[in-house]
Amino acid sequence: MNKVLVIGYGNTLRGDDAAGIRAAELIAKRLPEIECVCMHQLMPELAEQIAVSDIVIFIDADVNAAQPNVRLVVPGVELDQPRTHFISPESLLQLSQQLYQRMPLKAYVIGIPASQFEFSEELSELTKKAVEESVILAESLLLPGKSK
């Protein structure tokens, strides 16, 4: 099996912003052979872990999403979106290439619908459901023959 890295990120104290972390935690329980990392925001230090992975999935809350969605990440090609985290997945792939001369074969971002960002450790009902759906989406990327 390919070496897979799942990175869930967001703020667990800001309601739905924790969606990426909650999804990564569920993936870690369901697929213990997969390396899952949970963090507050993307950091350049991830470049080394990314460089030694074959597939990377970034999971984050997405205020613009109506349902869980997936997109392929192209290194260095920044999307015209407001920045809510320190560094983008695209920049991390490019950094991985620059520092370690290697990038994953495939990299994806899964966006989870989110709308409530008040101080809370709870996800909204909509986002809780979307977290489950995003985990199924991630499983379909990693285990194409498996159906739920």
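Data table
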item: From A107, A138, residue being small (G, A, S), under 20 Å from K3 (Cβ atoms) and either over 18 Å from the mean Cα position of the chain (by Cα) or assigned to a helix (DSSP H, G or I) (or both); result: A138
item: Residue in the stretch 29-52 that is surrounded by fewer than 21 Cβ atoms within 10 Å (Cβ to Cβ), of a type in the set (D, E) and part of a helix (DSSP H, G or I) present; result: yes
item: Lone unmet requirement of (1) under 26 Å from S120 (Cα atoms); (2) touching a helix residue (DSSP H, G or I) at 6+ places or on another chain (Cβ under 7 Å); (3) not hydrophobic (A, V, I, L, M, F, W, C) for E25; result: (2)
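Quick note: the coordinates plus some simple rules give every number you see, no bench work behind them. For clarity, every value in this text was computed on a predicted model and none was experimentally measured. Positions of Cβ are backbone-derived with ideal geometry, glycine not excepted, and every protein chain shown enters the neighbour counts.
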